[in-house]
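The values are calculated or read from the model by the stated rules, or taken from the named source; none is laboratory data. Note that the structure is predicted; figures quoted are calculated from it, not measured. We place every Cβ from the backbone using ideal geometry, glycine too, and count neighbours over all the protein chains shown.
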């Protein structure tokens with residue numbers, strides 16, 4: 001069984017709540033600065049993004065690179081810690097259904113994106129307590 005890294009939590013004071021998050025969401029949605037940071041860093045690694053959108057739980061970053069379709073990246077505040085954040089890849093399973101009968105394996109793309117996110121996080125000394133959750137691919 002393959003272990004995929006698709007969810008990573010960490011702590012950092014680099015991504016405080018923005019004024020618009022406080023005004024619009026009462027501080028419940030938090031992570032816009034993280035989304036902007038990830039977009040900039042992903043682009044430097046050749047992962048082209050199409051901006052981000054806010055959801056009721058955080059932010060979605062859509063990827064433009066055809067090889068990463070249909071994967072998107074989610075991020076937001078992780079309430080386990082006062083300065084905690086969570087980044088995740090979706091879908092998180094290596095085999096996905098496309099159309100009705102066709103199944104495709106996106107393991108390589110998930111692994112590659114997880115490695116890029118890992119490098120982005122570890123290269124910044126202001127990001128601490130990086131912990132990947134274990135996801136056993138099926």
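The figures follow:
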| quantity | calculated |
| --- | --- |
| Any strands (runs of 3 or more DSSP E) falling wholly within region 69-126 and containing at least 1 residues that are surrounded by 14 or more Cβ atoms within 10 Å (Cβ to Cβ), touching a residue at least 12 places away in the same chain (Cβ under 8 Å) and under 11 Å from the mean Cα position of the chain (by Cα) | 72-77, 84-90 |
| Condition met for residue 24 (more than 13 Å from residue 73 (Cα to Cα) and assigned to a helix (DSSP H, G or I)) | yes |
| Pick from region 27-55, criterion part of a loop (DSSP other than H, G, I, E, B) and at positive phi, ranking: surrounded by the fewest Cβ atoms within 10 Å (Cβ to Cβ) | 46 |
| Region 58-68, residues that are surrounded by fewer than 14 Cβ atoms within 10 Å (Cβ to Cβ) and either in a loop (DSSP other than H, G, I, E, B) or at pLDDT 95 or above (or both) | 64 |
| Residues within region 4-21 that are outside any helix (DSSP H, G or I) and either farther than 16 Å from residue 82 by Cβ or free of Cβ contacts under 8 Å to residues at least 12 places away in the same chain (or both), tallied | 6 |
